[in-house]
Every structure is written in C-alpha cells, then in structure tokens.
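Quick notes on the structure that follows.
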Amino acid sequence: MQWAASTLFAVHWRAERKTAVSKKNAPSGPANRTIQNRRARFDYEIIDTLEVGVALVGSEVKSLLAGRAHLTDAYVLVRNGELWLHEFDIEPYEKSSSFGHERRRSRKLLAHRRQIETWDRRSSEKGLAMIPLRVYFGERGKVKVEIALGRGKAQYDKRKQIAKDDARREVERARTSRD
C-alpha cells in the first residue's frame, strides 16, 4: 500500500515539475532554430503558404543547426513535376570533411504531387511567385521550409506599410514611456 502511494506522489511531482519550466529556462534545441526571409514579407503580398520538407545532406543540416544559412535571394520553381529551392545559401560546416556540400546548389523540396500541381497552376497566374519564407526544424526534428505564393508589391504599397509600421512604433513608445 505504501509503495503505491509513493509512486503516485512521484508521478504527480514529475507532472508539476514539467509544467513549472519557464520559457526562459526552456531547452534550446533544434526547435528554436529558425532562418527567416524577412525581406519577402516586405516585397511580396503573401497569398498562401505551404509547409514542405527539404532533401539535405548531413553537413547542411549541421550548418542549419548552427543557424548559418541565408534565404535572401532564394526562390522556388517547379521542374518536371518537382519543387526545387534555388539560391538558398547554406554556409559550409567547418567541422565536416573535405567533401562538404555546395553552398548555393538547388535543393529538392518534398511535397505531395497534388500540392505541387496546385501550386504550379496557381504560380503560373500573372504576377505570382513562389518564395521561401522560413526554414525551421519541425516537431520531429526534420528540416521544414515554409514557402509562400506571393504577388510583388508596388512601391506605394511599401511606403504605406512603412508609414503604418512607424505609426505603430510611435504608439508603442508612447505607451511604454507612460508606464
């Protein structure tokens, strides 16, 4: 009888302990590594997004874990019924052997055939482009790419967005200075 009570106490104590971990003390694993293309949201009006996998070699995954990649000039194309990510810059992993990876090679994106066909059809519309928004590690530790279907913004749209962001920042500054 006493053994059962101590077991229940241990299980209850572990459950409380798990919930007591704050965000500040949370483990910094692959889930926190995200590479974003912030310029894409400024240059494009995002219409739709899709999460896809990406085929990588080992040294590329290690570089992504270290956060050493850039999405600045990257874009997505459909070739022969497959999605390809072009100009995605993954820096070489310094601890890999001499047979590392090419820095800006084309990388295959993994998606279902129907998704690829739908996105190919939609991207062929006038003025739409497929662009990567972010690269991150999914729930099971796999590298994922969030791609977006976007329409290029005109210069006046960008100025409007800048004015709106400035106004929002001013309101935030005024609010924090009062507190």
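For the stretch 35-84 versus the stretch 104-136, the inter-centroid distance based on Cα atoms is 10 Å.
Summing charges over all other residues whose Cβ lies under 10 Å from the Cβ of V54, with Lys and Arg as +1 and Asp and Glu as -1, gives +3. Residues whose amide H falls under 5 Å from that of Y44, counting only those 5 or more places apart or on a different chain, are K153, with hydrogens built in the peptide plane.
For the residue pairs K108/K158; K108/K164; K108/K142; K95/K142; K126/K158; K62/K153, the C-alpha atoms sit more than 26 angstrom apart in K108/K158; K108/K164; K62/K153. Derived scalar couplings between HN and Hα for the stretch 113-130 equal 4, 5, 5, 5, 4, 4, 5, 5, 4, 5, 6, 6, 5, 5, x, 9, 9, 9 Hz in order, rounded to whole Hz, by the Karplus curve 6.51 cos²θ - 1.76 cosθ + 1.60 (θ = phi - 60°), x for Gly and Pro.
Want the number for T118 to R175: 0.36 nm per residue separation, take away the alpha-carbon distance, what's left? Spell out each step's value before the answer.
Values: separation 57, 0.36 × 57 = 20.52 nm, distance 4.54 nm.
Residue separation times 0.36 nm, minus the Cα-Cα distance, leaves 16.0 nm.
Take Y156, Y75 and order them by how many other Cβ atoms sit within 10 Å, fewest up front.
Exposure proxy ranking, most exposed first: Y156, Y75.
Quick check: from the Cα gyration tensor, does the stretch 29-173 come out rounded (a/c under 1.5), prolate or oblate? Numbers along the way, then the final one.
On the way: a/c = 2.10, a/b = 1.31, b/c = 1.61.
It comes out oblate by the Cα gyration axes.
What the phi angles of the stretch 73-86 give under the Karplus curve with 6.51, -1.76 and 1.60, with θ = phi - 60°, is a coupling list of 9, 6, 8, 10, 10, 9, 10, 6, x, 10, 8, 10, 9, 10 Hz, glycine and proline written as x.
All of the numbers you see were taken from the coordinates with simple rules; none came from a lab. As the structure is a computational prediction, the values presented were derived from the model and not from experiment. Glycine gets a Cβ as well: all are built from the backbone with ideal geometry, and neighbour counts include every protein chain shown.
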